[in-house]
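The values are calculated or read from the model by the stated rules, or taken from the named source; none is laboratory data. For clarity, every value in this text was computed on a predicted model and none was experimentally measured. Backbone-built Cβ (ideal geometry, glycine too); neighbour counts: all protein chains shown.
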Amino acid sequence: MSETDLAGWGAAGLTLLTFVCKDMRQLRLLAICANGAFIGYGAMAGLVPVLVLHLALAPINLWRLLQQRRSERPPQPAGGRAAALRRSRTSGCSSPFHAARQPCRRWTRSSGSLLRPS
């Protein structure tokens, strides 16, 4: 078995492992590794379609992995720490419109569809 064949089998094995992953982050990491292995295999064997496919898939997998990592972070308050401090000083209201420390008016739905202060 040649080095090219070993590279191809290794890439195939990595791809097979992605199908048994239960964790999406682990799946994406394995898929990125498999893309790299297939890029190497495609370059070594001169297989342009394999090379082009995995050159296209690698950034997509990376992008999806980064999207997932961003969505797993705890949400930050709008405006950062300074806005959070302003909100904590405004009668317990979290509205960004009360930065001037005005009292918060609660809005209620009247008989129509308009919102009016209570």
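Filter the range 12-31 down to residues that are more than 24 Å from GLN68 (Cα to Cα) and either buried (at least 17 other Cβ atoms within 10 Å of the Cβ) or of a type in the set (Phe, Trp, Tyr) (or both), then give me how many there are. Don't jump to the end; show me each part of the working.
So in the range 12-31, the residues more than 24 Å from GLN68 (Cα to Cα) come out as 12-13.
If we keep only those that are either buried (at least 17 other Cβ atoms within 10 Å of the Cβ) or of a type in the set (Phe, Trp, Tyr) (or both) too, we end up with none.
Going through the range 12-31 one residue at a time, the tally reaches 0.
Among the residues of the range 31-54, which ones are outside any helix (DSSP H, G or I) and on the phi < 0 side of the Ramachandran plot?
LEU47 - this is the single residue of the range 31-54 that is outside any helix (DSSP H, G or I) and on the phi < 0 side of the Ramachandran plot.
Against the conditions (1) at pLDDT 95 or above; (2) under 13 Å from the mean Cα position of the chain (by Cα), LEU57 satisfies every one except (2).
Tallying residues that are of a type in the set (A, V, I, L, M, F, W, C) and touching a residue at least 12 places away in the same chain (Cβ under 8 Å) within the range 1-15 yields 3.
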